[in-house]
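The values are calculated or read from the model by the stated rules, or taken from the named source; none is laboratory data. Since the structure is predicted, the reported quantities are computational estimates derived from the model, not experimental observations. Note that each Cβ is placed from the backbone with ideal geometry, even for glycine, and that neighbours are counted across all protein chains shown.
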Amino acid sequence: MKLAIIGDFRPDNLTHTGTDLALQQAAQKAGIPLDPEWIPTDKINERFDGIVTDYDGFLIAPGSPYADMKAVLRIIRYARENSKPTLGTCGGFQHMVIEFARNVLRIADAEHAEHDPYASRLVINPLSCNLKGDPLEITITEEDTLVFRVCGTHRLTGRYYCNFGLNTDYQQQIDDTGFRVVGIDATKEARILELEGHPFYVATLFIPQMNSTADRPHPLITAFLRAGNQRR
């Protein structure tokens, strides 16, 4: 499986090195041949045709703000519209929400507070509390979902490294339009989203890579790699 990791890799970023390790461990445990490559966001547009043709899946990485936000949104839109297996974590979650709001909900000025804190339509806004480094419980609310089938439980613990999340003013609208809110925290705010009718299009505000080990790879990571491997 050829995997494009969409993000601006920094060797001093624990979530980036943790992503590499988690992918390697999950692929080895599942017996999936994995060929991953980090794609710098400022190189996406010049390589776009090759990226969407050559890779079997996209992991939209943590670590925003991205060098080229518009290019990331372009890749996300392609993945959503063309059934390309996609997992977005932390910043990936946030930008998958922005893309959906702009191109499905037709909120053309949907914005991210990290990118433009004074925008009038902040679909991604600051969280009410800082979640950086915190492990928190997530409830999977629906059993008729890929996420529940993969995880096999109503309760997960996720580790967060972010200050931004889905503005609750838009949460119901997004869910009603098919990007289902399938995981929530104790305050009932969205922590996992899953796109209806897509083979694998999942966004998590927490970073499952950081809860993944060689002995127990995170089930979402393994399921994502299996979905991509089936695309080969």
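Among Leu105, Leu87, Leu127, Leu146, which is in contact with a helix residue (DSSP H, G or I) (Cβ under 9 Å, 6 or more places away or on another chain), within 25 Å of Asn13 (Cα to Cα) and of a type outside the set (Phe, Trp, Tyr)?
On the way: Leu105 fails: within 25 Å of Asn13 (Cα to Cα); Leu127 fails: in contact with a helix residue (DSSP H, G or I) (Cβ under 9 Å, 6 or more places away or on another chain); Leu146 fails: within 25 Å of Asn13 (Cα to Cα).
After ruling out the rest, the residue left standing is Leu87.
Total residues in segment 22-32 satisfying the condition of being without any contact (Cβ under 8 Å) to a residue 60 or more places away in the chain and either within 25 Å of Asn163 (Cβ to Cβ) or in a loop (DSSP other than H, G, I, E, B) (or both): the figure is 1.
Counting only residues that are part of a loop (DSSP other than H, G, I, E, B), at pLDDT 95 or above and not polar (S, T, N, Q), how many does segment 168-191 have?
So the count comes out to 1.
Within segment 192-228, the set of residues being assigned to a strand (DSSP E or B) and either at pLDDT below 95 or of a type in the set (Val, Ile, Thr) (or both) comprises Ile192, Val202, Thr204.
Filter segment 33-61 down to residues that are among the acidic types (Asp, Glu) and within 17 Å of Lys84 (Cβ to Cβ) and give me whichever is surrounded by the fewest Cβ atoms within 10 Å (Cβ to Cβ).
Asp49
I'd like to check something: does segment 165-181 contain any residue that is buried (at least 23 other Cβ atoms within 10 Å of the Cβ) and either among the hydroxyl-bearing types (Ser, Thr, Tyr) or farther than 18 Å from Ser64 by Cα (or both)? Yes: segment 165-181 contains one or more residues that are buried (at least 23 other Cβ atoms within 10 Å of the Cβ) and either among the hydroxyl-bearing types (Ser, Thr, Tyr) or farther than 18 Å from Ser64 by Cα (or both). Being β-branched (Val, Ile, Thr) and under 24 Å from Phe58 (Cβ atoms) is a description that does not apply to Ile184. Pairing residues of segment 76-96 that are under 16 Å from Ile174 (Cβ atoms) with residues that are acidic (Asp, Glu) and part of a helix (DSSP H, G or I), at Cβ distances under 9 Å and at least 6 apart in sequence or on separate chains, gives Ile76/Glu99; Arg77/Glu99; Arg80/Glu99. For a quick check of your reading of the model, give me the residue pairs whose first member lies in segment 204-220 and is surrounded by fewer than 24 Cβ atoms within 10 Å (Cβ to Cβ) and β-branched (Val, Ile, Thr), whose second is modelled with pLDDT of 95 or more and part of a helix (DSSP H, G or I), with beta-carbon atoms closer than 9 Å and at least 6 apart or on different chains. Final answer for the pair search is Thr213/Ala22; Thr213/Gln25.
Out of all the residues in segment 34-62, which are of a type in the set (A, V, I, L, M, F, W, C), more than 16 Å from Gly92 (Cβ to Cβ) and part of a loop (DSSP other than H, G, I, E, B)?
The one that is of a type in the set (A, V, I, L, M, F, W, C), more than 16 Å from Gly92 (Cβ to Cβ) and part of a loop (DSSP other than H, G, I, E, B): Leu34.
All conditions in (1) farther than 17 Å from Gly7 by Cβ; (2) loosely packed, with under 15 Cβ neighbours inside 10 Å hold for Ala30, with the sole exception of (2).
Would you be able to say whether some residue in segment 98-106 is within 23 Å of Met210 (Cα to Cα) and out of contact with any Pro (no Cβ under 6 Å at 6 or more places or on another chain)? No, segment 98-106 has no match at all.
With respect to the conditions (1) in a loop (DSSP other than H, G, I, E, B); (2) touching a residue at least 60 places away in the same chain (Cβ under 8 Å), Gly165 falls short on a single one, namely (1). Counting the residues of segment 99-125 that are surrounded by 21 or more Cβ atoms within 10 Å (Cβ to Cβ) and either closer than 30 Å to Gln230 by Cα or basic (Lys, Arg) (or both) gives 3.
Sub-8 Å Cβ pairs linking a first residue in segment 176-197 that is over 20 Å from Gly91 (Cα atoms) to a second residue that is surrounded by 13 or more Cβ atoms within 10 Å (Cβ to Cβ) and among the aliphatic types (A, V, I, L, M), at least 6 apart or interchain, are Thr177/Val104; Thr177/Leu105; Gly178/Val104; Gly178/Leu195; Ala186/Leu136, ordered by first then second residue.
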